[in-house]
Amino acid sequence: MEYLLIFITAIFVNNIVLSQFLGICPFLGVSKKIETAIGMSAAVAFVLVLATIVTYLLQKFVLDAFGLAYLQTIAFILVIAALVQMVEIILKKVSPALYQALGVFLPLITTNCCILGVTILVIQNDYDLLTGVVFAFATALGFGLALVLFAGLREQLEMSDVPKGMTGMSIALVTAGLLAMAFMGFSGVDKGLASALGIG
């Protein structure tokens, strides 16, 4: 039941993009088409879950064990960069079309603060490995949901009669703000669910 609460909270209540404003770069950059948004979401999910597992083990068995916790940020960035390189090589061989579509935004996963933020949050919240992986996967789903919804809205806007001064990034930012406000409607759901499940 606790995992269900983590899932709902990470996807809807504390959405990593729309509530915590992490991962804005790919959110705005890869949201012009639903197809590329789905591809980016899958790549982020894969890297996020893998990064959470590797960084958790690194923190517990290397950094904490040898008193090197102060190197956490640097170590985590190196792990994420290595994993992104691996994803890039796999995508290039498995799906060249998606690799081309993602273009420059694929290496940007390396600097996606969403991934670094989640790996650090797992350690700060003192989650065990399984809870951390559930949290990371739920956060990736929340990121993907926000990205795909935003891409759908932007595709609709392309066919709409938008005032000349509001075209391009201007209307995209207004739309992102409205989407974030819509997700604010989920605030308090986690507390109600926790109360119903008898957690906390």
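The values are calculated or read from the model by the stated rules, or taken from the named source; none is laboratory data. For clarity, every value in this text was computed on a predicted model and none was experimentally measured. Ideal geometry is used to build each Cβ from the backbone, glycine not excepted, and the neighbour counts take in all protein chains shown. Remember, those area values only see protein heavy atoms, side chains included, never the ligands or the DNA or RNA. Shrake-Rupley method; radii C 1.70, N 1.55, O 1.52, S 1.80 Å.
Could you work out Rg/(2.2 N^0.38 Å) for the range 1-74, with Rg from alpha carbons only?
The range 1-74 yields a ratio of 1.39.
Accessible area per residue of the range 1-150 at 1.4 Å probe, in Å²?
I get 47 Å² per residue for the range 1-150.
Tell me, rounded to the nearest percent, the portion of alpha carbon pairs in the range 53-169 spaced more than 24 Å apart.
Values: 2900 of 6786 pairs.
Looking at the range 53-169, the distances longer than 24 Å represent 43 percent of pairs.
Kindly provide the helix-only [θ] at 222 nm of the chain, computed as the sum of -39,500 (n - 2.57) over DSSP H runs of four or more divided by all residues, to the nearest 500 deg cm²/dmol?
The per-residue figure over the chain is -22000 deg cm²/dmol.
Between T131 and L173, what is the label-point separation in nm under the 7 Å Cα-to-beta-carbon projection?
3.9 nm
Once you order the gyration tensor axes a ≥ b ≥ c over the Cα atoms, which shape class does the range 78-140 get: rounded for a/c under 1.5, otherwise prolate or oblate by comparing a/b with b/c?
Prolate, because a/c is 1.5 or more and a/b exceeds b/c.
What distance in nm separates the two pseudo spin-label positions at S95 and I77, each 7 Å out from Cα along the beta-carbon direction?
Placing both labels 7 Å beyond Cα along the Cβ direction yields 2.9 nm.
What ranking do 192-199, 166-173, 121-128 get when scored by the average of other Cβ atoms within 10 Å per residue, highest first?
121-128, 166-173, 192-199
Cα-based count: Lys pairs in the range 1-146 below 28 Å, eight or more positions apart or different chains?
4
Dipole size in debye (nearest 20) for the chain around its Cα centre, Lys and Arg Cβ +1, Asp and Glu Cβ -1? Before the final figure, lay out the partial values.
On the way: 8 positive and 10 negative charges, 74 e Å.
About 360 debye.
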